[in-house]
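The structure appears right after this line, and notes come after that.
The values are calculated or read from the model by the stated rules, or taken from the named source; none is laboratory data. Predicted, not measured: the structure shown is a model, and the values here were computed from it. Every residue, glycine as well, gets a Cβ built from its backbone with ideal geometry; the counts of neighbours run over all protein chains shown. When the accessible area is computed, the model is the full protein with side chains, heavy atoms only, and any ligands, DNA or RNA have been set aside. Shrake-Rupley method; radii C 1.70, N 1.55, O 1.52, S 1.80 Å.
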Amino acid sequence: MNRRGFLRGTAVAGTVGVAGCLERLGFEERSAWSNPPLVENRPDAVYLPAGMEEMNTYGRATDGEYAVELSYTIPHRFWIIAGETEQVDVKPDDSMHLMMTVWDVETDTVLPVNIGLEILRDGDSVGGRLTPWAMLSQRMGFHYGDNIELPDEGEYTARVQVGPIDAAQTGAFADRLDSATTLEIDFEFNRSDIHDLEFDLIDEDRRGSREALPLMDHGEHGDSDGDDGSDHGGHNGSDHDEHGGSDGGGYDPGHPPSSAGPPVEELPGELLGTERSADAKLSAIVTDVDRFTTNDESVYLALYLRTPYNDVSLPFASLDATIDRDGSTVLEDEPLTETVDHEFVHHYGIGLDALESGDEITVSVDTPTVSRHDGYETAFFDFEDVSFEVP
């Protein structure tokens, strides 16, 4: 079964396939959501989950610099990473899983930011101020979201507090996006919009395999064609696309950019290599671009921490570097700074006085604190140090 009935329970046995008919006859549905199937014997790595949900979009807004898109899908479980890993299960009263993607309009870059959310109805707050989780999913990539409960169907406003960026800013990001803003998106909540979303099961012999679902193409609209590798993004044909932004207009800057970073081979600088640890990819690039260095520094080391299949950056991690030269340690456990740059994109970096041929750079990584959806929750733990040699 790969349709909405798979995730929806009903009070009367045998009514899953005719729930819509009962509603038209006047019966009020009182079904509860439940967790989708979880792959057994999951590897300690990125894996293909048991299925994937269709998702749709309520609207977008901007203040001219920040932009945010508000999307929704069926409620589903996720894992919070904060010291211990905590599984958050679906609750019967959850209305939807609400998601926000934040990006910079000028550079078209998905951003790690501070974010807050308040849902309003007729100007009154519903549930108070919320703090959506920074999340990683195989279809959405990096985003913010949570399962939320709304009291009734009807019209609401999502008031999203965005910014500042939660990383150092260089290049086109310098002296920009250094304060918070508030963006508003009006939307209409209809339970049928959530219930009509599809959940596609993946063939059992593929579940748990060492691969990942493709990132959703935000530019594609329409319904799923039912294939395991199909894109489930896009709108459902409703008028939800054109809700007004914070300026009161119908802002539509286009779909948000992908959270996948450009291939490291295409980035400026000298690529020292790419290693794998805890099933994440770590790449090291050295550059002498002067915006990264001070008077006492001549080179800059940029480390890229990404997912192994879709090249999505892993934010909110802690990286340290040690450099050994001719049998001596010239830099020991020096922290790298999480940074966003228009050319070098999201990375972790440090300015150095010099690097010499034969230097060995050892990088250690702590667990990224971003929350995870199915397929990522067993990966990116217990990192082993990786090393790069300067040619």
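Screening H347 with (1) out of contact with any Ser or Thr (no Cβ under 9 Å at 6 or more places or on another chain); (2) crowded, with 16+ Cβ neighbours inside 10 Å; (3) within 25 Å of P132 (Cα to Cα) gives one miss only, at (1).
Going residue by residue through region 291-301, is there one that turns out to be hydroxyl-bearing (S, T, Y) and touching a helix residue (DSSP H, G or I) at 6+ places or on another chain (Cβ under 7 Å)? So that I can check it myself, show each step before the final result.
The initial filter retains those residues of region 291-301 that are hydroxyl-bearing (S, T, Y), namely 293-294, 298, 300.
Next, only the ones that are touching a helix residue (DSSP H, G or I) at 6+ places or on another chain (Cβ under 7 Å) stay: 300.
Checking region 291-301: at least one residue is hydroxyl-bearing (S, T, Y) and touching a helix residue (DSSP H, G or I) at 6+ places or on another chain (Cβ under 7 Å).
Within region 152-184, the only residue that satisfies the criterion of being in a strand (DSSP E or B) and in contact with a helix residue (DSSP H, G or I) (Cβ under 9 Å, 6 or more places away or on another chain) is I165. Considering region 308-391, the qualifying strands (runs of 3 or more DSSP E), each wholly inside and each with 2 or more residues that are over 24 Å from S258 (Cβ atoms) and not acidic (D, E), run over 319-325, 328-335, 347-352, 360-365, 386-389. Filtering region 357-386 to residues that are open to solvent by 50 Å² or more (accessible area, probe 1.4 Å) and in contact with a strand residue (DSSP E or B) (Cβ under 6 Å, 6 or more places away or on another chain) leaves E360, T369, E384, D385. If you go through region 275-307 and keep only what is touching a Ser or Thr at 6+ places or on another chain (Cβ under 6 Å), in a strand (DSSP E or B) and either of a type in the set (S, T, Y) or farther than 29 Å from M140 by Cα (or both), you end up with S283, Y300, Y304. Quick check: is even one residue across region 63-82 farther than 26 Å from E188 by Cα and touching a Pro at 6+ places or on another chain (Cβ under 6 Å)? No: zero hits. Select from region 120-149 the residues that are hydrophobic (A, V, I, L, M, F, W, C), closer than 16 Å to S95 by Cβ and in contact with a Ser or Thr (Cβ under 7 Å, 6 or more places away or on another chain) and list them in ascending order. L120, I148 - these are the residues of region 120-149 that are hydrophobic (A, V, I, L, M, F, W, C), closer than 16 Å to S95 by Cβ and in contact with a Ser or Thr (Cβ under 7 Å, 6 or more places away or on another chain). A172 meets each of the listed conditions (1) at pLDDT 95 or above; (2) of a type outside the set (S, T, N, Q); (3) closer than 23 Å to P75 by Cβ apart from (3).
Scanning region 312-324 for residues that are of a type in the set (G, A, S) and either closer than 18 Å to M140 by Cα or surrounded by fewer than 22 Cβ atoms within 10 Å (Cβ to Cβ) (or both) turns up S313, A317, S318. Consider region 171-193 and keep the residues that are without any contact (Cβ under 8 Å) to a residue 40 or more places away in the chain and not small (G, A, S). The one that is farthest from M96 (Cα to Cα) is D175.
So which residues in region 119-151 are under 20 Å from the mean Cα position of the chain (by Cα) and either acidic (D, E) or not in a strand (DSSP E or B) (or both), if there are any at all?
Narrowing region 119-151 to residues under 20 Å from the mean Cα position of the chain (by Cα): 130-148.
The answer is T131, P132, Q138, R139, M140, D146.
Of all the residues in region 155-182, those that are more than 20 Å from the chain's Cα centre (by Cα) and among the charged types (D, E, K, R) number 4. Residues that are of a type in the set (F, W, Y) and either open to solvent by 30 Å² or more (accessible area, probe 1.4 Å) or closer than 24 Å to V46 by Cα (or both) within region 293-311 comprise Y304, Y309, listed in sequence order. For Y47, the criteria (1) in contact with a strand residue (DSSP E or B) (Cβ under 8 Å, 6 or more places away or on another chain); (2) surrounded by 21 or more Cβ atoms within 10 Å (Cβ to Cβ) hold in every case but one, which is (1).
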